[in-house]
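Engineer: First the structure, which I've put down as structure tokens, then a few questions once you've had a look.
The values are calculated or read from the model by the stated rules, or taken from the named source; none is laboratory data. Since this is a predicted model, take the numbers as computed values, not measurements. Positions of Cβ are generated from backbone atoms using ideal geometry, with glycine treated the same way; all protein chains shown enter the neighbour counts. Areas reflect the complete protein model, heavy atoms only, side chains present, ligands, DNA and RNA absent. Shrake-Rupley method; radii C 1.70, N 1.55, O 1.52, S 1.80 Å.
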Amino acid sequence: MRPIDYTAAQDTKGAIEKLAARPADAVAIGGGTNLVDLMKIHVQNPALLVDINGLPLSDIQEVDGGLRIGALVRNSDLAYHPLVRERYPVLSEAILAGASPQLRNLATVGGNILQRTRCSYFRDISQPCNKREPGSGCGAQGGFNRMHAVLGTSDKCIAVNPSDMNVALAALEATVHISGPQGERKVAFGDFHLLPGSTPEKESVLQPGELITHVTLPASRVAAKSRYVKVRDRASYAFALASAAVAIELDGKTIKDARVALGGVGTKPWRSLEAEKALIGQPADEVRFKAAAAAALKGAKPQNDNAFKVELARRTLVRALSLAAGIA
Ligand SMILES: Cc1cc2nc3c(=O)[nH]c(=O)nc-3n(C[C@H](O)[C@H](O)[C@H](O)COP(=O)(O)OP(=O)(O)OC[C@H]3O[C@@H](n4cnc5c(N)ncnc54)[C@H](O)[C@@H]3O)c2cc1C
């Protein structure tokens with residue numbers, strides 16, 4: 001039995017002080033749906049849990065035509081918020097495509113952004129995993145890797161970022177707002193998660209003692225016509241094999257603006273500027289959608305069990321673009 005200390009913070013400053021005082025072994029707990037799971041299987045072993053649920057970070061506010069979303073907003077509340085459904089439908093669809101109603105009622109925005117990979121080697125402490133134990137090796141490479149990434153991989157790690165919500169936030173060009181011992185800072189969503197490279201244990205730019213306080217979404221014309229398509233092994237309660245978050249603004253039949261991000265295939269939420277470039281200024285038809293999908297997967301590096309994901313992701317993206325353009 002390992003003792004664990006627990007403390008409930010009352011405000012952001014207090015939470016940061018408690019986290020910063022024990023940078024090596026303190027973690028924040030939001031909904032706990034990911035963290036507690038990982039503690040039960042000894043993958044994460046914090047000695048101090050700082051409960052942040054008492055912090056005033058549960059509001060969704062309209063700011064400058066965009067949205068400010070507190071880090072403690074529950075996934076369900078965000079997905080069903082009228083402004084999200086109207087202006088950023090891809091975010092609502094992505095959240096509702098994930099987990100189960102019970103989990104979404106508890107899971108928070110901050111926790112969802114930071115949820116850990118579902119790689120079975122990461123989640124099994126008898127297996128080598130560079131992310132869990134740097135230098136121990138990667139069991140997935142040469143192992144069973146049907147669910148693993150084909151984009152953004154390295155020789156140290158091929159684990160997928162599993163979040164559906166993150167794919168939508170990448171396409172919507174969200175900003176992550178952080179507070180920590182050194183003050184406040186903000187990071188573009190595309191820069192928040194890190195590629196594994198030679199340090200897969202470092203998953204984001206968040207430093208010890210720092211908290212996500214909120215996320216902002218810019219006012220966006222393109223987001224109004226946005227969709228999320230997720231393909232998985234069963235119709236619900238399963239992680240993505242491939243998913244696509246897209247937004248399209250049309251001028252007649254021409255694509256005036258576009259956003260594209262992929263899930264289930266990348267080591268981080270995968271915005272594809274290449275696909276966007278292939279779409280903007282072109283007619284909204286299947287030929288261009290296929291060209292964009294080819295561009296998005298151009299750098300894919302499949303493993304022995306997951307080559308199917310390359311074609312699956314292409315088709316998922318074409319389907320999402322067709323739905324967003326209203327031609328499906
Ligand atoms: C059975 C099951 C199925 C699931 N299926 C899906 C799915 O299909 N798609 C999907 O996207 N997700 C799925 N999930 C994952 C689920 O979405 C996450 O567990 C959830 O979003 C995590 O949120 P949380 O608030 O519970 O995080 P926690 O467990 O509380 O925290 C997760 C991590 O974030 C850190 N953290 C939390 N809040 C903050 C903050 N404000 N600042 C800094 N650090 C913070 C914690 O320290 C911890 O490291 C599933 C989970 C389960 C258990």
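Engineer: If residue 138 satisfies all but one of (1) out of contact with any Asp or Glu (no Cβ under 6 Å at 6 or more places or on another chain); (2) under 30 Å from residue 219 (Cβ atoms), what's the number of the condition it fails?
Structural biologist: (2)
Engineer: Something else about it: One residue is enough: does region 187-203 have a residue meeting the conditions more than 25 Å from residue 299 (Cα to Cα), surrounded by fewer than 17 Cβ atoms within 10 Å (Cβ to Cβ) and small (Gly, Ala, Ser)?
Structural biologist: no
So that you can scan it fast, the table gives a plain yes or no per residue for (1) among the charged types (D, E, K, R); (2) in contact with a helix residue (DSSP H, G or I) (Cβ under 7 Å, 6 or more places away or on another chain); (3) in contact (Cβ under 8 Å) with a residue 12 or more places away in the chain; (4) under 24 Å from residue 239 (Cβ atoms):
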site: 40; (1), (2), (3), (4): yes, no, no, yes
site: 54; (1), (2), (3), (4): no, no, yes, no
site: 64; (1), (2), (3), (4): yes, no, yes, no
site: 86; (1), (2), (3), (4): yes, no, yes, no
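Engineer: Against the definition (more than 14 Å from the ligand (Cβ to nearest atom), closer than 24 Å to residue 206 by Cα, outside the structural domain of residue 247 (by TED's automatic domain parsing) and in contact with a Gly (Cβ under 8 Å, 6 or more places away or on another chain)), how does residue 75 come out, yes or no?
Structural biologist: Working: more than 14 Å from the ligand (Cβ to nearest atom): no; closer than 24 Å to residue 206 by Cα: yes; outside the structural domain of residue 247 (by TED's automatic domain parsing): yes; in contact with a Gly (Cβ under 8 Å, 6 or more places away or on another chain): yes.
The answer is no for residue 75.
Engineer: From the list 275, 307, 291, 328, pick out the single residue that is hydrophobic (A, V, I, L, M, F, W, C) and either open to solvent by less than 10 Å² (accessible area, probe 1.4 Å) or within 21 Å of the chain's Cα centre (by Cα) (or both). Spell out the reasoning first.
Structural biologist: On the way: 307 fails: either open to solvent by less than 10 Å² (accessible area, probe 1.4 Å) or within 21 Å of the chain's Cα centre (by Cα) (or both); 291 fails: either open to solvent by less than 10 Å² (accessible area, probe 1.4 Å) or within 21 Å of the chain's Cα centre (by Cα) (or both); 328 fails: either open to solvent by less than 10 Å² (accessible area, probe 1.4 Å) or within 21 Å of the chain's Cα centre (by Cα) (or both).
Selected residue: 275, the only one of 275, 307, 291, 328 that is hydrophobic (A, V, I, L, M, F, W, C) and either open to solvent by less than 10 Å² (accessible area, probe 1.4 Å) or within 21 Å of the chain's Cα centre (by Cα) (or both).
Engineer: Cβ-Cβ below 9 Å, separation at least six or inter-chain, first residue in region 93-118 and of a type in the set (Lys, Arg), second near the ligand (Cβ under 8 Å from one of its atoms) and open to solvent by 60 Å² or more (accessible area, probe 1.4 Å): which pairs?
Structural biologist: Within 9 Å, the pairs are 118/239.
Engineer: Sticking with this one: If a residue has to be within 16 Å of residue 107 (Cα to Cα), more than 9 Å from the ligand (Cβ to nearest atom) and of a type in the set (Gly, Ala, Ser) to count, how many in region 31-58 make the cut?
Structural biologist: Result for region 31-58: 2.
Engineer: Can you tell me which residue within region 149-168, out of those that are in contact with a Cys (Cβ under 8 Å, 6 or more places away or on another chain) and part of a loop (DSSP other than H, G, I, E, B), is farthest from the ligand (Cβ to nearest atom)?
Structural biologist: For region 149-168, the residue satisfying everything is 155.
Engineer: Quick check on residue 152: is it surrounded by fewer than 18 Cβ atoms within 10 Å (Cβ to Cβ), of a type outside the set (Asp, Glu) and at positive phi?
Structural biologist: Values: surrounded by fewer than 18 Cβ atoms within 10 Å (Cβ to Cβ): no; of a type outside the set (Asp, Glu): yes; at positive phi: yes.
It is false that residue 152 is surrounded by fewer than 18 Cβ atoms within 10 Å (Cβ to Cβ), of a type outside the set (Asp, Glu) and at positive phi.
Engineer: Taking the condition of being charged (D, E, K, R) and either open to solvent by less than 20 Å² (accessible area, probe 1.4 Å) or within 16 Å of the ligand (Cβ to nearest atom) (or both), how many residues in region 130-145 meet it? Steps first, please.
Structural biologist: Looking only at region 130-145, we keep the residues that are charged (D, E, K, R), and these are 131-133.
Filter again for either open to solvent by less than 20 Å² (accessible area, probe 1.4 Å) or within 16 Å of the ligand (Cβ to nearest atom) (or both), leaving 131-132.
The total comes to 2.
Engineer: Being more than 17 Å from residue 321 (Cα to Cα) and in a helix (DSSP H, G or I) is the requirement here; does residue 233 meet it?
Structural biologist: Values: more than 17 Å from residue 321 (Cα to Cα): yes; in a helix (DSSP H, G or I): no.
Answer is no for this residue.
Engineer: Still on this structure, I have one more. Just the residues that are at negative phi, within 11 Å of the ligand (Cβ to nearest atom) and crowded, with 24+ Cβ neighbours inside 10 Å, please, taken from region 231-272.
Structural biologist: 240, 243, 263, 269
Engineer: Taking region 6-61 on its own, how many of its residues are buried (at least 16 other Cβ atoms within 10 Å of the Cβ), over 26 Å from residue 78 (Cβ atoms) and β-branched (Val, Ile, Thr)?
Structural biologist: Final tally of qualifying residues: 1.
Engineer: Go over the candidates 68, 87, 104 one by one and state the one that is more than 11 Å from the ligand (Cβ to nearest atom), basic (Lys, Arg) and surrounded by 19 or more Cβ atoms within 10 Å (Cβ to Cβ). I'd like the intermediate steps shown before the answer.
Structural biologist: On the way: 68 fails: surrounded by 19 or more Cβ atoms within 10 Å (Cβ to Cβ); 104 fails: more than 11 Å from the ligand (Cβ to nearest atom).
Residue meeting the stated conditions: 87.
Engineer: If you go through region 210-223 one residue at a time, do you hit one that is in the same structural domain as residue 260 (by TED's automatic domain parsing), near the ligand (Cβ under 10 Å from one of its atoms) and not β-branched (Val, Ile, Thr)?
Structural biologist: No, every residue in region 210-223 fails to be in the same structural domain as residue 260 (by TED's automatic domain parsing), near the ligand (Cβ under 10 Å from one of its atoms) and not β-branched (Val, Ile, Thr).
Engineer: Could I ask something else about it? State which residue is farthest from the ligand (Cβ to nearest atom) when the search covers only region 107-129 and only residues that are hydroxyl-bearing (Ser, Thr, Tyr) and in a loop (DSSP other than H, G, I, E, B).
Structural biologist: So the first thing to find is which residues in region 107-129 are hydroxyl-bearing (Ser, Thr, Tyr), and the list is 108, 117, 120-121, 126.
Checking which are in a loop (DSSP other than H, G, I, E, B) leaves us with 117, 120-121, 126.
Values: 117: 11, 120: 14, 121: 18, 126: 21 Å.
This residue is 126.
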